[in-house]
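A quick write-up on the structure given underneath.
The values are calculated or read from the model by the stated rules, or taken from the named source; none is laboratory data. For clarity, every value in this text was computed on a predicted model and none was experimentally measured. With ideal geometry, Cβ positions are generated from the backbone for all residues, glycine too; neighbour counts draw on all protein chains shown.
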Ligand code: ARG
């Protein structure tokens, strides 16, 4: 469906043209004085300069045309030259009725030019537990992906596991210390390796930090770990087999964690999957004259003349020939282009990696890994801080594991819910989990991604204010009104959304009509926080309308049925929005 805003703008442009002015001056915006009007156009102010006359003269003649237009109930020219507009109630109702009939899409069309967009998010590191630092990437990436899918794009999420660094060598070294007799360490062994991993996830989670701590104190140990990493990367059989076990055990655990977050990935590729593409890539970079040796390391210059700060060269191989994080990211681009030829790759990563991605992107373009028609986007997010304004930590000052964080919020939520009314324990726990997830996700997504924010459990779990639980509470309220209505009667023949009968109803209707525009805008700006802002306005508008309107006590059957259809539309839109944010609403709360 055409956006209501576009319909309005077209009408105003036509009016400008009709009176002999350039239609470009007819741009309409939402009113910043809702007490005076719903929409406004300030074009006459600018047009006055071109036509060398008083702006009021222009706004006045344009208003005269618009007064006759069926879209407007009010078109007023105000000094010095503003156009204040209000929409005809009937037209808004008709528009909403069409939205309501547009099943599941509510007037928001799928794009006519679907793009293939890969989205690199999550980025957990194998064998290390997920911590809160990975939370933001998962939450934001999932939402960006769902917004794109809703608009009809082919979104491919790739978790991009960190499975190729020193951490692998550390684990292997520690295992070797503990169980030197394992087959994996036997040199020259050529037989099969066991199918079962020689460790469980909890052992793995203990092995890695132990190894990491020891390597910081024991230089020989660290040396051994680096050697093991090197041998693994060179393809040593026993180590490769161990890597496969580590991956298996880890990924199973990670999947469970992401499932709890309602986050899922189309691809479970890791840094190690990029390795086979490195040698040819490096050769081409050399042959093309891009890569050269600098102090033994192979680098590609990526600085540009217009740079205002120093952008160091992108390092491709270390002097010992080992590959780096960069190398892996570049080689990952190689297979992504080969297998999917995406129109865009979006990286949802901590904004502290921005300079790094500038280097990687420039290097990829310069060396021809990606062409003009593939966009590379860095969506950097800020830090999640504790109430003290410092990066979120456990009470003991350690890194908070994601699982514990979520569990504590689930408990908090359960306490709140069971305080409010009596619930069966199992029911209550299930509801608490749904509401808690909304608290965490909305608390994150409602901030612009690039900003740091304070993780404030008390505020996030509140049923009032700009929070996930408040949005869910609003939806649950809608569900209960509908259940009550349909428990007693059915919609009468010919029921439809009727022209607004009050200011609060009109305000709600105008907000609903903005759905398609809000989602398109959030997609274009890769900005889930715009969906949150829309959802919050909508929930407020609905609650305002609800407090002023007697829905169940309304005696006019058709008026009541109109309310019910309006409410159904509002509920559908809120549900579509929270689905794009990555959470859902319970039946009761
Ligand atoms: N594993 C990395 C980390 O924990 C994040 C990976 C981000 N994605 C990428 N393509 N480099 O910091």
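Say whether the condition of being under 24 Å from residue 578 (Cα atoms), touching a helix residue (DSSP H, G or I) at 6+ places or on another chain (Cβ under 7 Å) and modelled with pLDDT under 90 is met by at least one residue in the range 389-404.
Yes, that holds for at least one residue.
So which of 517, 487 ends up being surrounded by fewer than 15 Cβ atoms within 10 Å (Cβ to Cβ) and modelled with pLDDT of 95 or more? Quick ask: steps written out before the conclusion?
On the way: 517 fails: surrounded by fewer than 15 Cβ atoms within 10 Å (Cβ to Cβ).
Step by step, each of 517, 487 is checked, and only 487 is surrounded by fewer than 15 Cβ atoms within 10 Å (Cβ to Cβ) and modelled with pLDDT of 95 or more.
Please state which one of 106, 150 is at positive phi, away from the ligand (no atom under 13 Å from the Cβ), out of contact with any strand residue (DSSP E or B) (no Cβ under 7 Å at 6 or more places or on another chain) and in contact (Cβ under 8 Å) with a residue 40 or more places away in the chain.
Matching residue, one of 106, 150: 106.
Taking into account only those residues within the range 337-355 that are crowded, with 16+ Cβ neighbours inside 10 Å and more than 10 Å from the ligand (Cβ to nearest atom), which is modelled with the lowest pLDDT?
Looking at the filtered set, the residue picked out is 351.
Can you give me the number of residues within the range 2-17 that are part of a loop (DSSP other than H, G, I, E, B) and buried (at least 20 other Cβ atoms within 10 Å of the Cβ)?
Within the range 2-17, residues that are part of a loop (DSSP other than H, G, I, E, B) and buried (at least 20 other Cβ atoms within 10 Å of the Cβ) number 0.
If you check 446, 418, 438, 408, which single one turns out to be over 29 Å from residue 202 (Cβ atoms) and either free of Cβ contacts under 8 Å to residues at least 12 places away in the same chain or surrounded by fewer than 16 Cβ atoms within 10 Å (Cβ to Cβ) (or both)?
On inspection, the qualifying residue turns out to be 418.
When you go through (1) within 16 Å of the ligand (Cβ to nearest atom); (2) in a loop (DSSP other than H, G, I, E, B); (3) surrounded by fewer than 16 Cβ atoms within 10 Å (Cβ to Cβ) one by one for residue 188, which number turns out not to apply?
Residue 188 satisfies all of (1) within 16 Å of the ligand (Cβ to nearest atom); (2) in a loop (DSSP other than H, G, I, E, B); (3) surrounded by fewer than 16 Cβ atoms within 10 Å (Cβ to Cβ) except (1).
Between 398, 368, 389, which is without any contact (Cβ under 8 Å) to a residue 60 or more places away in the chain, in a loop (DSSP other than H, G, I, E, B) and surrounded by fewer than 15 Cβ atoms within 10 Å (Cβ to Cβ)?
398
Pull out all pairs, ordered by first then second residue, where Cβ-Cβ is under 7 Å, the residues are six or more apart or on different chains, the first lies in the range 339-362 and is in a loop (DSSP other than H, G, I, E, B), and the second is within 12 Å of the ligand (Cβ to nearest atom).
Close Cβ pairs (under 7 Å, with a partner that is within 12 Å of the ligand (Cβ to nearest atom)) amount to 342/118; 342/336.
Yes or no: residue 133 within 30 Å of residue 244 (Cβ to Cβ) and surrounded by fewer than 22 Cβ atoms within 10 Å (Cβ to Cβ)?
Here the answer is yes, as residue 133 does meet what is asked.
Of all residues in the range 113-130, how many are outside any loop (DSSP other than H, G, I, E, B) and either closer than 27 Å to residue 150 by Cβ or more than 9 Å from the ligand (Cβ to nearest atom) (or both)?
5
State which residue is nearest to residue 232 (Cα to Cα) when the search covers only the range 315-336 and only residues that are away from the ligand (no atom under 15 Å from the Cβ) and surrounded by fewer than 19 Cβ atoms within 10 Å (Cβ to Cβ). Spell out the reasoning first.
Initial filter on the range 315-336 (away from the ligand (no atom under 15 Å from the Cβ)): 316-322.
From what's left, surrounded by fewer than 19 Cβ atoms within 10 Å (Cβ to Cβ): 318-322.
On the way: 318: 16, 319: 18, 320: 15, 321: 14, 322: 11 Å.
It comes out as 322.
How many residues, within the range 67-83, are crowded, with 18+ Cβ neighbours inside 10 Å and under 15 Å from residue 57 (Cα atoms)?
Counting residues in the range 67-83 that are crowded, with 18+ Cβ neighbours inside 10 Å and under 15 Å from residue 57 (Cα atoms) gives 6.
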